[in-house]
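Read the structure below first, then the notes.
The values are calculated or read from the model by the stated rules, or taken from the named source; none is laboratory data. Just so you know, these numbers come straight off a predicted model, no measurement behind them. Backbone-built Cβ (ideal geometry, glycine too); neighbour counts: all protein chains shown. Accessible surface areas use protein heavy atoms only, side chains included; no ligands, DNA or RNA. Shrake-Rupley method; radii C 1.70, N 1.55, O 1.52, S 1.80 Å.
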Amino acid sequence: MFDKNYLYKIQQEREKWLEKHKNAKERDIKFVTDSEIPIKQFYSPLDVKGDYFQNVNFPGEYPYTRGVYPSMYRGRLWTMRLFSGHGTPEETNQRWKYLYKNGETGFSAAVDALTFNGIDPTNPDGAPEVGTSGVPLYCIDSLFALTEDIPIDKVSVALVVEPFTSAPVCAMYFNMAKMRGYEINQLMGTCQNDILTMTVGYIPYKNCPPNHLLRLACDFIEWTVPQKNVPKWHPINFTGYNYREGGIDAVQELGFVFASACSHIDNLIERGWKIDDFVNRLAFHLAAHKDFFEEIAKYRAARRIWAKLMKDRYEAKNPHSLQFRFHVQTAGSSLTAQMPMVNIVRTAIQGLEATLGGCQSLHTNSFDEAICLPSEQAAIVALRTQQVIADETRITNTIDPLAGSYYVEWLTDELEDRVWKYLDKIEKVGTIDKTLSSGWLYKEMRDAFHKRRMRIEKGEEIMLGVNKYPISYDTVTDVFRTNEEAIDIEVNRINKLKARRDNAKLEKILDKLRNVCEKEENVMPVIMDATREGATVGEICDIYREIWGIWEPPLAI
């Protein structure tokens with residue numbers, strides 16, 4: 001990017017400077033990024049490689065390093081979307097309305113453990129967990145309650161469900177919308193539908209094998225977008241955030257995300273679809289972790305890697321197919337139960353990372369999340385944190401303001417190079433379902449977790465209040481408690497549904513689902529029929545278990 005003679009002069013002056021200051025004392029610590037990339041004292045034009053137009057270019061231009069849109073936040077701010085879900089659908093509905101009234105611009109339903117794993121509240125295995133970790137969405141009546149008086153035709157809704165339950169929960173949502181008179185081909189929203197969240201982000205309970213999870217995820221993508229049933233929907237959200245929370249670093253986070261995306265793309269191409277038929281509706285969900293500059297460089301590198309993948313490997317023709325659009329969530333694993341008000345500071349800094357890195361949507365964590373589900377007070381502070389960034393800091397005045405920083409440009413290049421190498425390592429193991437069934441990904445997660453734990457124990461990774469200036473757990477913050485009567489409310493909701501539905505008619509539809517599963521056809525059309533007639537999440541997922549069996553993940557400890 002610079003004249004050779006000019007670079008030669010800088011090289012000479014740099015050597016003089018190093019000699020002059022060779023005895024300058026530095027702190028006795030490792031100067032590395034969170035991904036353990038060694039960092040020099042300073043960076044200069046000598047560290048910026050390649051052609052500006054090929055590597056960086058202008059906003060909205062290939063390879064989209066500086067952002068996917070030519071105007072970015074000068075045209076439209078990111079969507080402010082907080083995960084919400086607790087107790088019952090009615091209580092979550094009230095939280096949605098509260099946040100919407102206070103400026104939230106997108107809704108998100110974090111579901112409870114039973115919904116996540118396809119279990120009804122009448123099942124004694126999961127009954128104590130009803131509504132404790134998210135909103136229970138077990139039947140179509142739950143979706144009516146969740147969205148009562150919510151403008152779902154104007155505001156996008158994210159349903160945080162994975163491949164095992166994405167089809168039934170989203171089918172309930174679509175059927176609810178139809179019954180309320182909405183055209184589902186106009187609905188905006190996202191379904192997480194992420195095989196790795198289902199398997200390495202959490203420990204699954206009585207789920208089916210990875211090859212079937214992959215196919216279920218692709219069934220949903222196929223039915224919504226290329227078949228044009230809900231073409232404005234984002235049918236999958238590759239959620240690197242959830243694996244990052246398990247201890248992996250920024251390089252691994254992007255490697256997992258892109259390897260998974262390629263496996264899904266390959267599956268859909270094998271079904272006869274072209275890359276441009278669907279790929280521009282795939283979404284991504286990344287972490288904003290503790291290393292400020294590395295996270296910003298990660299987002300810039302991710303855009304460039306995706307553009308090259310789509311252009312070079314898949315030969316996408318539509319420019320929109322090359323654009324990497326992503327949601328960001330601040331790092332829950334960085335929050336502490338010790339002095340939780342400091343978590344507001346952590347979240348604000350991580351929110352800056354996300355917005356300086358050009359995210360399209362942002363969730364800021366609540367300060368009490370290391371202790372409990374977010375209270376109303378904590379949620380509004382989290383929302384206001386985004387609004388301060390948007391309305392008071394003026395960082396939105398110009399696009400990609402850190403572009404041209406020698407350090408940021410070098411780190412973007414370095415991360416890109418490392419991600420390509422890690423992606424190649426993953427793909428040598430096989431498709432994403434094979435990396436799971438072989439146990440390879442679990443070993444990667446295990447090793448990363450142990451590595452991070454040792455860094456914290458040795459004090460190499462600082463957590464204030466934990467391993468530096470340690471203090472006791474906070475006992476002042478009010479602990480938000482979920483509704484203890486939620487289980488009775490949800491069991492009653494299920495019983496009322498079963499009493500009024502045509503059970504004989506439904507059983508015939510469920511038999512048809514068994515046949516579809518055996519033939520490995522797309523499950524979405526019959527699940528739309530089943531949920532319209534009152535099938536519960538548990539009833540549908542039990543058929544998956546019946547036909548495909550239960551998978552025991554090869555956990556590495």
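Condition test on VAL328, is it free of Cβ contacts under 8 Å to residues at least 40 places away in the same chain and over 15 Å from PRO63 (Cβ atoms)?
no
For ILE550, work out the one condition from (1) of a type in the set (A, V, I, L, M, F, W, C); (2) more than 18 Å from ASN207 (Cβ to Cβ); (3) at pLDDT 95 or above it doesn't fulfil.
The number of the failed condition is (2).
Restricting to the range 32-77, name every residue that is open to solvent by 80 Å² or more (accessible area, probe 1.4 Å) and either touching a Pro at 6+ places or on another chain (Cβ under 8 Å) or closer than 24 Å to PHE326 by Cβ (or both).
Passing the criteria: PHE53, GLN54, PHE58, GLU61, TYR69, PRO70, ARG74, ARG76.
Taking the range 78-102 as the region of interest, how many residues are touching a residue at least 40 places away in the same chain (Cβ under 8 Å) and open to solvent by 30 Å² or more (accessible area, probe 1.4 Å)?
7
Filter the range 265-291 down to the residues that are over 22 Å from PHE220 (Cα atoms) and open to solvent by less than 60 Å² (accessible area, probe 1.4 Å), then identify the one that is farthest from the chain's Cα centre (by Cα).
Here the residue is ASP291.
If you scan the range 227-246, which residues turn out to be open to solvent by less than 10 Å² (accessible area, probe 1.4 Å) and of a type outside the set (A, V, I, L, M, F, W, C)?
PRO235, THR239, GLY240, TYR243, ARG244
Which pairs turn up if I take residues in the range 258-273 that are in contact (Cβ under 8 Å) with a residue 40 or more places away in the chain and look for partners that are of a type in the set (S, T, N, Q) with beta carbon separation below 8 Å, at least 6 apart in sequence or on another chain?
ALA259/THR435; SER263/THR431; ASP266/THR431
Could you tell me which residue of the range 462-493 is surrounded by the most Cβ atoms within 10 Å (Cβ to Cβ), considering only residues that are within 27 Å of THR336 (Cβ to Cβ) and without any contact (Cβ under 8 Å) to a residue 40 or more places away in the chain?
Applying the filter and picking the extreme gives ASN467.
Of all the residues that make up the range 318-347, how many are surrounded by 24 or more Cβ atoms within 10 Å (Cβ to Cβ), in contact with a His (Cβ under 9 Å, 6 or more places away or on another chain) and either among the basic types (Lys, Arg) or over 16 Å from ARG244 (Cβ atoms) (or both)?
Total meeting the criteria: 0.
Just checking, does the range 398-419 include any residue being more than 30 Å from ASP51 (Cβ to Cβ) and at pLDDT 95 or above?
No; the residues of the range 398-419 include none that is more than 30 Å from ASP51 (Cβ to Cβ) and at pLDDT 95 or above.
Need pairs with beta-carbon distance below 6 Å; first residue under 21 Å from ASN318 (Cβ atoms) and within the range 47-65, second open to solvent by 70 Å² or more (accessible area, probe 1.4 Å); sequence gap 6+ or separate chains.
Correct list of pairs: PRO59/PRO70; GLY60/TYR69; GLY60/PRO70.
Report whether or not LYS496 is open to solvent by 40 Å² or more (accessible area, probe 1.4 Å), in contact (Cβ under 8 Å) with a residue 60 or more places away in the chain, at negative phi and assigned to a helix (DSSP H, G or I).
Spelling it out, LYS496 is indeed open to solvent by 40 Å² or more (accessible area, probe 1.4 Å), in contact (Cβ under 8 Å) with a residue 60 or more places away in the chain, at negative phi and assigned to a helix (DSSP H, G or I).
Considering PRO128, PRO70, PRO63, which residue is touching a helix residue (DSSP H, G or I) at 6+ places or on another chain (Cβ under 9 Å) and not in a helix (DSSP H, G or I)?
Going through PRO128, PRO70, PRO63 in turn, the sole match is PRO63.
Condition first: open to solvent by 10 Å² or more (accessible area, probe 1.4 Å), part of a helix (DSSP H, G or I) and closer than 23 Å to TYR202 by Cα. Can you find one or more residues in the range 161-184 that meet it?
No, the conditions are met nowhere in the range 161-184.
Could you tell me whether THR431 is open to solvent by 10 Å² or more (accessible area, probe 1.4 Å), within 21 Å of the chain's Cα centre (by Cα) and under 29 Å from PHE258 (Cα atoms)?
yes
Could you check, for the range 293-315, whether at least one of its residues is surrounded by fewer than 20 Cβ atoms within 10 Å (Cβ to Cβ) and touching a His at 6+ places or on another chain (Cβ under 9 Å)?
Taking every residue of the range 293-315 in turn, none turns out to be surrounded by fewer than 20 Cβ atoms within 10 Å (Cβ to Cβ) and touching a His at 6+ places or on another chain (Cβ under 9 Å).
Which of (1) in contact (Cβ under 8 Å) with a residue 60 or more places away in the chain; (2) in contact with a Ser or Thr (Cβ under 7 Å, 6 or more places away or on another chain); (3) assigned to a loop (DSSP other than H, G, I, E, B); (4) crowded, with 24+ Cβ neighbours inside 10 Å is the odd one out, the single condition GLN350 does not satisfy?
The failed condition is (3).
Which residue pairs have Cβ atoms closer than 6 Å, lie 6 or more positions apart in sequence or on different chains, and pair a first residue in the range 332-346 that is in contact (Cβ under 8 Å) with a residue 60 or more places away in the chain and at positive phi with a second residue that is of a type outside the set (Asp, Glu) and open to solvent by less than 30 Å² (accessible area, probe 1.4 Å)?
From residues that are in contact (Cβ under 8 Å) with a residue 60 or more places away in the chain and at positive phi, the pairs are MET339/GLY465.
Can you list residue pairs whose Cβ atoms sit under 6 Å apart, with the first residue in the range 281-292 being closer than 16 Å to GLY246 by Cβ and the second being in a loop (DSSP other than H, G, I, E, B)? Count only pairs 6 or more apart in sequence or on different chains.
ALA287/ALA331; HIS289/ALA331
Output the qualifying pairs, or none if there are none: Cβ atoms under 6 angstrom, residues six or more apart or on different chains, first residue in the range 204-232 and aromatic (Phe, Trp, Tyr), second residue modelled with pLDDT under 95 and surrounded by fewer than 24 Cβ atoms within 10 Å (Cβ to Cβ).
Hits for this filter: zero, empty list.
Could you list, in sequence order, all residues of the range 353-366 that are open to solvent by 10 Å² or more (accessible area, probe 1.4 Å), part of a loop (DSSP other than H, G, I, E, B) and over 23 Å from GLY404 (Cβ atoms)?
none
Only one of (1) open to solvent by 10 Å² or more (accessible area, probe 1.4 Å); (2) in contact with a helix residue (DSSP H, G or I) (Cβ under 7 Å, 6 or more places away or on another chain); (3) not hydroxyl-bearing (Ser, Thr, Tyr) fails for GLY404. Which number is that?
(2)
Applying the selection to the range 185-199, what residues are more than 17 Å from GLY118 (Cβ to Cβ), open to solvent by less than 10 Å² (accessible area, probe 1.4 Å) and part of a loop (DSSP other than H, G, I, E, B)?
Residue satisfying the conditions is LEU187 alone.
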